[in-house]
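The block underneath contains the structure these notes are about, expressed in structure tokens.
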Amino acid sequence: MLLLVHQLQVLPLLGVQQIIIPASGETNSSHTVTTPSWYVTIYSPSVLLNFDNVEEKHLQGLKEEAKQMLVAGDTPQQKVISLIDDIQRLGLAYHFEAELSAILQHLKDSFLQVYCTKVDVDLHDAALCFRLLRQQGHVVSSDVFYKFKDNNVKFKESLAEDVRGMLSLYEAAHLMVHGETILEEALEFTTSHLNLYLNSNLNDPLAGLVGRALKYPLRRSLNRLVARHYISVYHKLSWHNQVLLDLAKRDFNRVQALHQSELARWWKDLDFANKLSFARDRVVECYFWISGVYFEPRYTEARVFLTKVISLTSIVDDIYDVYETIEELQQFTDAIEK
């Protein structure tokens, strides 16, 4: 997404040249609002066409490989839930909605038997499965985590040695509902220990995930921001899957190119930035809000429509705030009411 450019290095489009105008910080003399210090050119239709022709066949092949890994009947359950987590974090879940829904329904049916009745349960597996099911809307009990407490009804200190498990429990705890004391305790326990881990293990491959999670838990993050970050660190993780990584990079670039083309399609033709120079040019900001909810390619019309509504509302707000006199505002209000 365009808004990421001034904070993160945008993934290059594969097979095509990406054009970025260096930050200038220049101000339009006729504009009362300072121009942002960053700006990115919009990809031309020819670049988008080239991207589609070159990448589509390869992308479809990668999707099929990923699908086969998901639905393979002989895949251990621990690996399946790890694949689901990776697919969701990499922003690929919309490609496999039916498959993920069916797998999670099966996991829900077996959750009690696999994780609640067994004594020897892996913390990472239990916490991850719990989170994936709750995210999907399934009702699962947090009582499964009592087995990770000691005789003093406190979480076992030995759990701190399993950083991946602690991170999974931390993320799961953010899906607590009112009155779930055990998840409140889990959040406090994991936050404390993950901070200690981060202070002394900055070079560990997991440190990138831990540091981001402590600032922005998955429950409070936007899908595209999670995907952008996870793509950048995924290859360092011991369990990374190269097929998913290649698919995620190509898919992210394709979706990003689509988002940019949507912005170019109508905003530049209207030329509000020059015709209404007193108003803030907030189209990218408004588009970012909407794409946080509807980022998938199939929601093009929803993104464009809602971005228009928010952008035009912002312009009307600026008219009232900085441009018109009281008399002109009264006439403008009367015209709107009519």
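The values are calculated or read from the model by the stated rules, or taken from the named source; none is laboratory data. Computed from a predicted structure; not experimentally measured. Every residue, glycine as well, gets a Cβ built from its backbone with ideal geometry; the counts of neighbours run over all protein chains shown.
I need the full set of residues from the range 317-335 which are under 23 Å from residue 283 (Cα atoms) and out of contact with any helix residue (DSSP H, G or I) (no Cβ under 8 Å at 6 or more places or on another chain), in order please.
Residues satisfying the conditions are 317, 318, 321, 322, 323.
Among the numbered conditions (1) in contact with a strand residue (DSSP E or B) (Cβ under 8 Å, 6 or more places away or on another chain); (2) at pLDDT below 95, tell me where residue 200 comes up short.
(1)
Would you check if residue 258 is closer than 15 Å to residue 93 by Cβ, at pLDDT 85 or above and surrounded by 15 or more Cβ atoms within 10 Å (Cβ to Cβ)?
No: the conditions fail for residue 258.
Just to be sure, is residue 125 in a helix (DSSP H, G or I) and surrounded by fewer than 21 Cβ atoms within 10 Å (Cβ to Cβ)?
Here the answer is yes, as residue 125 does meet what is asked.
Inspect the range 115-122 for any residue being closer than 23 Å to residue 237 by Cα and either crowded, with 20+ Cβ neighbours inside 10 Å or aromatic (Phe, Trp, Tyr) (or both) and give the result as yes or no.
Within the range 115-122 (the criterion being closer than 23 Å to residue 237 by Cα and either crowded, with 20+ Cβ neighbours inside 10 Å or aromatic (Phe, Trp, Tyr) (or both)), the answer is no, since none of the residues qualifies.
Looking only at the range 152-200, count every residue that is in contact with a helix residue (DSSP H, G or I) (Cβ under 6 Å, 6 or more places away or on another chain), of a type outside the set (D, E, K, R) and part of a loop (DSSP other than H, G, I, E, B) and tell me the total.
So the answer is 3.
Which condition from (1) within 30 Å of residue 164 (Cα to Cα); (2) β-branched (Val, Ile, Thr); (3) surrounded by fewer than 13 Cβ atoms within 10 Å (Cβ to Cβ) is the one that residue 243 breaks?
Among (1) within 30 Å of residue 164 (Cα to Cα); (2) β-branched (Val, Ile, Thr); (3) surrounded by fewer than 13 Cβ atoms within 10 Å (Cβ to Cβ), the lone unmet condition for residue 243 is (3).
Residue 238: surrounded by fewer than 19 Cβ atoms within 10 Å (Cβ to Cβ) and either in a loop (DSSP other than H, G, I, E, B) or touching a residue at least 40 places away in the same chain (Cβ under 8 Å) (or both), yes or no?
Yes: the conditions hold for residue 238.
State all residues of the range 294-323 that are free of Cβ contacts under 8 Å to residues at least 40 places away in the same chain and among the acidic types (Asp, Glu); if no residue qualifies, say none.
301, 317, 321 - these are the residues of the range 294-323 that are free of Cβ contacts under 8 Å to residues at least 40 places away in the same chain and among the acidic types (Asp, Glu).
If a residue must be closer than 18 Å to residue 290 by Cβ and among the hydroxyl-bearing types (Ser, Thr, Tyr), how many such residues does the range 306-323 contain?
Qualifying residue count for the region: 4.
If you take the residues of the range 83-114 that are of a type in the set (Asp, Glu) and over 17 Å from the mean Cα position of the chain (by Cα), which of them is surrounded by the fewest Cβ atoms within 10 Å (Cβ to Cβ)?
109
Can you tell me which residue in the range 291-312 is modelled with the highest pLDDT, limited to those that are assigned to a helix (DSSP H, G or I) and crowded, with 19+ Cβ neighbours inside 10 Å?
Here the residue is 303.
Just wondering, is there one or more residues in the range 218-233 that are assigned to a loop (DSSP other than H, G, I, E, B) and either free of Cβ contacts under 8 Å to residues at least 60 places away in the same chain or under 21 Å from residue 130 (Cα atoms) (or both)?
Yes: one or more hits.
Taking the range 274-290 as the search range and keeping residues that are part of a helix (DSSP H, G or I) and over 14 Å from residue 263 (Cα atoms), which one is nearest to the chain's Cα centre (by Cα)?
Filtering first and then ranking leaves 274.
Identify all residues within the range 290-338 that are of a type in the set (D, E, K, R) and more than 30 Å from residue 222 (Cα to Cα); write none if there are none.
321, 324, 327, 328, 334, 337, 338
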